[in-house]
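A quick write-up on the structure given underneath.
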Amino acid sequence: MSIWKILDTVKDFVVYDADTEFYAKVFPDSVDRKDLMRLRRMRLEDVPTIFAIEGKNYNFPWSEQIFKDCLNAANYSCWVCLELDTIVGYSIVSMAVGEAHIMNICVDPDIQKQGVGAKLLENMIERARKKAEKIFLEVRPSNEAAVSLYKRRGFNEIGVRKGYYPAVDGYREDAVMLALDLTSFIEDDTVESA
């Protein structure tokens, strides 16, 4: 195994910059808040915190068992975003047969619109492009911030799932289906390295 593969494997377990944390502690005004956020693989002991964030965001949250099942699924990549030592967001993407599907991406409401969602999304795209040609997701049209984030990142609307999400008072909300072609990223890398 080459040194680069070993380093890439290590990077898969934790994405972290110790220098940034050091400067944040010594010179607090010298580091942007977003630079203090790091990503790592989700762990079983994270589930109660993740479930609490899920409950703050959704009227119909996933159960703790669903998160545990995702952690145990072979083709799922589950990540948390931490600010210092506090989980502030999480993401789950499944990958199989050349396709990836964003199952869940969620940020603590207290720090939304500060780059956490974008950081998690970029991580999912990076993971997916190693194994998939396209990445898909569903989103509530009422979640305008999420729709905007996905479209800024290059996702395109490919359809609507009628009555996909449960809603208050027994109603159901449609889901906008979005997709991103990951093959263009691979081509771009080839061009840049040539």
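The values are calculated or read from the model by the stated rules, or taken from the named source; none is laboratory data. Bear in mind the structure is a predicted one, so any value in this text is a computation, not a measurement. FYI the Cβ positions are ideal-geometry reconstructions off the backbone, even for glycines, and counts take in every protein chain you see.
Which residues, counting only those in the range 47-76, are within 27 Å of Glu99 (Cα to Cα) and among the charged types (D, E, K, R)?
Glu54, Glu64, Lys68, Asp69 - these are the residues of the range 47-76 that are within 27 Å of Glu99 (Cα to Cα) and among the charged types (D, E, K, R).
Can you name the residue in the range 112-139 that is outside any helix (DSSP H, G or I) and hydrophobic (A, V, I, L, M, F, W, C) and is also farthest from Leu178 (Cα to Cα) among such residues?
Step one: of the range 112-139, the residues outside any helix (DSSP H, G or I) are 112-115, 130-139.
Adding the requirement that they be hydrophobic (A, V, I, L, M, F, W, C) leaves 132, 135-137, 139.
Numbers: Ala132: 15, Ile135: 8, Phe136: 6, Leu137: 5, Val139: 8 Å.
Per the criteria, the residue is Ala132.
Restricting the first residue to the range 165-192 and requiring it to be modelled with pLDDT under 90, which pairs with a second residue that is not in a helix (DSSP H, G or I) meet a Cβ separation below 7 Å and a spacing of at least six or different chains?
Once the first residue is modelled with pLDDT under 90 and sits in the range 165-192, its partners that are not in a helix (DSSP H, G or I) give Ala167/Glu173; Val168/Asn59; Thr183/Glu133.
Check Val107 against each of (1) at negative phi; (2) modelled with pLDDT under 95 and name the one condition it does not meet.
(2)
Please go through the range 123-150 and pick out each residue that is free of Cβ contacts under 8 Å to residues at least 12 places away in the same chain and either touching a helix residue (DSSP H, G or I) at 6+ places or on another chain (Cβ under 8 Å) or not small (Gly, Ala, Ser) (or both).
Glu126, Lys130, Asn143, Glu144
For Pro109, state whether it is touching a helix residue (DSSP H, G or I) at 6+ places or on another chain (Cβ under 7 Å) and not hydroxyl-bearing (Ser, Thr, Tyr).
For Pro109, the condition - touching a helix residue (DSSP H, G or I) at 6+ places or on another chain (Cβ under 7 Å) and not hydroxyl-bearing (Ser, Thr, Tyr) - is met.
Return only the number of the condition from (1) part of a helix (DSSP H, G or I); (2) crowded, with 16+ Cβ neighbours inside 10 Å that Ser148 does not satisfy.
(2)
For residues that are more than 20 Å from Gln112 (Cα to Cα) and among the basic types (Lys, Arg), tally how many sit in the range 123-177.
8
In the range 36-73, which residues are of a type in the set (Lys, Arg) and either in contact with a His (Cβ under 8 Å, 6 or more places away or on another chain) or assigned to a helix (DSSP H, G or I) (or both)?
Lys56, Lys68
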